[in-house]
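Peer 1: Sharing a structure with you now.
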Amino acid sequence: MKLVSESFADGAQIPEEFAFCKIDPRSRVALSANRNPHLAWSDAPVGTRSFAIVCHDYDVPSSPEDVNQEDREIPSTLKRVDFFHWVLVDLPVGVTSIAAGEFSDKVTPKGKMGPAARHGARQGVNDYTGWFASDPDMSGDYFGYDGPCPPWNDSIVHHYVFTVYALDVARLPLMGRFGGADARKVIDHHKLGQASITGTYTLNPRLAGK
């Protein structure tokens, strides 16, 4: 399979319009346009009956202790974990591209509705659901795509992997509310092929542009 994007090149920086937050000189960060990027894929294996898309950041700090704290940076040696930004399943086999902004074009406090999505697909909750759980102004179920917002004091640039899976079923056996880890376990039993591209992003002014 092949996967490309008109929104960013594989290995390059993701433009801020596709991020949840952007650098702000006065307040460190501000909300951004939060549009999903364009994706297009081809060469799906014979027998493909649907597609799924998963986006995750594998550079998220395993401990929140130093996150967004003044006068310190999160050390690069800290163990990192996955953070899911998008889980989209049951895309019909005839859909082989997604337009920029088609599934998300702004930040929605308390999260977008789901799981029903365009093209008869379904979207899982992303990990902002847990991140904002204790914030009364933002808490809720964050279905669909919500873009990068890494800690502004992280010492490393974060990597965001967009993966399209070709599946042997028209509808994945996922019931009710599901997240990225749930989806990947089921996808592993039904995937015929996959393709990925990776973009980078940082909110640390010291690292921006590197």
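The values are calculated or read from the model by the stated rules, or taken from the named source; none is laboratory data. If you're wondering where the values come from, they're calculated on a predicted model, not measured in any experiment. When we count neighbours, we look across all protein chains shown, and the Cβ atoms used for this are built from the backbone with ideal geometry, even at glycine. For the accessible areas, the whole protein counts, side chains as well, though only heavy atoms, and no ligand, DNA or RNA atoms are used. Shrake-Rupley method; radii C 1.70, N 1.55, O 1.52, S 1.80 Å.
Peer 1: Within the stretch 95-107, restricting attention to residues that are polar (S, T, N, Q) and part of a loop (DSSP other than H, G, I, E, B), which residue is surrounded by the fewest Cβ atoms within 10 Å (Cβ to Cβ)?
Peer 2: Going through the qualifying residues, I end up with THR96.
Peer 1: Kindly evaluate TYR142 against the criterion of being under 23 Å from ASP59 (Cα atoms), of a type outside the set (Lys, Arg) and in contact with a Ser or Thr (Cβ under 8 Å, 6 or more places away or on another chain).
Peer 2: Values: under 23 Å from ASP59 (Cα atoms): yes; of a type outside the set (Lys, Arg): yes; in contact with a Ser or Thr (Cβ under 8 Å, 6 or more places away or on another chain): yes.
Against the criterion (under 23 Å from ASP59 (Cα atoms), of a type outside the set (Lys, Arg) and in contact with a Ser or Thr (Cβ under 8 Å, 6 or more places away or on another chain)), TYR142 qualifies.
Peer 1: Okay, next question. For the subset of the stretch 169-188 comprising residues that are touching a Pro at 6+ places or on another chain (Cβ under 9 Å) and surrounded by fewer than 17 Cβ atoms within 10 Å (Cβ to Cβ), which member is farthest from ASP146 (Cα to Cα)?
Peer 2: Taking the candidates together, the pick is ALA170.
Peer 1: Filter the stretch 1-28 down to the residues that are crowded, with 17+ Cβ neighbours inside 10 Å and over 16 Å from the mean Cα position of the chain (by Cα), then identify the one that is farthest from ASP146 (Cα to Cα).
Peer 2: Per the criteria, the residue is MET1.
Peer 1: Right, here's the next one. Tally the residues that are open to solvent by less than 40 Å² (accessible area, probe 1.4 Å) and either at pLDDT 95 or above or under 22 Å from PHE8 (Cα atoms) (or both), restricting the search to the stretch 53-71.
Peer 2: Number of matching residues: 8.
Peer 1: For the stretch 20-52, give me the residue count where each residue is of a type in the set (S, T, N, Q) and under 30 Å from TRP152 (Cα atoms).
Peer 2: The first filter runs over the stretch 20-52 and keeps only residues of a type in the set (S, T, N, Q), leaving 27, 32, 34, 36, 42, 48, 50.
Pick out the ones that are also under 30 Å from TRP152 (Cα atoms) and you get 27, 32, 34, 36.
Counting residues in the stretch 20-52 that are of a type in the set (S, T, N, Q) and under 30 Å from TRP152 (Cα atoms) gives 4.
Peer 1: Please work out which residue is nearest to the chain's Cα centre (by Cα), limiting yourself to the stretch 162-186 and to residues that are among the hydrophobic types (A, V, I, L, M, F, W, C) and assigned to a loop (DSSP other than H, G, I, E, B).
Peer 2: The extreme case among them is PHE178.
Peer 1: Something else: Mind checking whether some residue in the stretch 92-101 is farther than 30 Å from HIS189 by Cβ and among the hydroxyl-bearing types (Ser, Thr, Tyr)?
Peer 2: no
Peer 1: While we're on this one: Let me spell it out: the conditions are (1) within 20 Å of the chain's Cα centre (by Cα); (2) among the hydroxyl-bearing types (Ser, Thr, Tyr); (3) loosely packed, with under 15 Cβ neighbours inside 10 Å; (4) under 19 Å from SER196 (Cα atoms), and SER50 meets all of them except one. Which number is the exception?
Peer 2: Every listed condition holds for SER50 apart from (3).
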